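S.K.: Below is one structure. I have some questions about it.
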Amino acid sequence: MSRSRQVRVAVFRPDDDRMRDAVELLDSLGATPVPDPMLAVEPTGATPEEAEYVVLTSKTGVELLAEAGWSPGDATLVCIGPSTAGSAREAGWTVDIVPEEYTSAGLVERLRDEVAGARVEVARSDHGSSVLLDGLREAGAEVHETVLYRLSAPEGAGQSTVMAAGGELEGVCFSSSLTVENFLAAAEARGVREEAIEGLNDAVVGVIGPPTRETAESYGIEVDVVPENADFEELACAVVEAAAPTYRE
């Protein structure tokens, strides 16, 4: 039997171009995608307040701001990673800073020595980590947060939890702590939470970065893969690579 029929990898991205891109990527890697959207995006319509620094932490946030006609003006524009920065450049904005580590802690480390006394605007989802706000404030910045969108669990999500419980997944890609939590909530609603965790622990579990790893492990999920960079393509490639050898003929 071909490898593409055996390595089934669940992905939990929002049901938009990100999920379509994830499915195409997994197809190209010779895996069988199991798309199960665990996040729905609800825009708030808000835009960042004026500040010396504007920090954007997602491609979604960039796209919403671009659609609203917002631009950073004279502010120093900071993006959490290459994907966010790429979207910002596509919107016609100049990206001034991208940290070496694509996490909230990485942003704090990059900005720590230059934001004392400065007003910093953080524009992101309603589930952003407190690490970023607390770290910037400790560095002496005047920090304001704007919630650009809210994240919720889509109605009907969770078929992958039944597959996990039945041992029908070889890999999963958790792209945020919230996808872990929503996966477990969906499993609970179906009465298969413990079985789903056991199934995950028999599969290759990949997470986007250290905070998501911490969340997964706090629920008893064993994490096998954390990519060097917090990038979904790297995550998917690493999960497929780790899962594939077991299923080759």
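S.K.: Solvent-accessible area per residue for the range 80-152 at a 1.4 Å probe radius, Å²?
M.R.: 47 Å²
S.K.: Also, quick follow-up: How tilted is helix 17-28 with respect to the longest principal axis of the chain? Cα atoms for both, answer in degrees (0 to 90, nearest 10).
M.R.: 50 degrees
S.K.: Relative contact order of the chain: what whole-number percent is it, with Cα pairs under 8 angstrom and at least 6 residues apart?
M.R.: This gives 21 percent for the chain.
S.K.: Probe radius 1.4 Å, ligands and nucleic acids ignored: give me the carbon and sulfur share of the accessible area of the chain as a rounded percent.
M.R.: Carbon and sulfur atoms account for 43 percent of the accessible area of the chain.
S.K.: To check you understand DSSP bridge types, tell me what percent of the beta bridges within the chain (both residues inside) are antiparallel, rounded to 5.
M.R.: 10 percent
S.K.: For the chain, what is the mean residue ellipticity at 222 nm derived from helices alone (per DSSP H run of n ≥ 4: -39500 (n - 2.57); sum divided by total residues; nearest 500 deg cm²/dmol)?
M.R.: It lands at -12000 deg cm²/dmol.
S.K.: Here's a follow-up. Can you give the Kirkwood hydrodynamic radius of the chain from its Cα pairs, in Å with one decimal?
M.R.: Mean inverse Cα-Cα distance, inverted, gives 18.8 Å.
S.K.: Here is a follow-up. I'd like the FRET efficiency for Ala91 and Glu198, computed as 1/(1 + (r/R0)^6) with the beta carbon distance as r and R0 of 41 Å, rounded to 0.05.
M.R.: Plugging the Cβ-Cβ distance into 1/(1 + (r/R0)^6) gives 0.40.
S.K.: In 5 Å bins starting at 0, how do the alpha-carbon pair distances of the range 35-112 split up by percent?
M.R.: 3, 16, 26, 24, 19, 9, 3, 1, 0
S.K.: Given R₀ = 30 Å, what would the calculated FRET efficiency be for Glu188 paired with Asp126, taking r from the Cβ atoms and rounding to 0.05?
M.R.: 0.85
S.K.: Now for a separate question. Just how far, in whole angstrom, is the range 138-166 from the range 177-214 if you go by their alpha carbon centroids?
M.R.: Cα centroid of the range 177-214 versus Cα centroid of the range 138-166: 14 Å apart.
The values are calculated or read from the model by the stated rules, or taken from the named source; none is laboratory data. None of the values given here were measured: they were computed from a predicted structure. Backbone-built Cβ (ideal geometry, glycine too); neighbour counts: all protein chains shown. Side chains included, ligands, DNA and RNA excluded: accessible areas come from the protein's heavy atoms. Shrake-Rupley method; radii C 1.70, N 1.55, O 1.52, S 1.80 Å.
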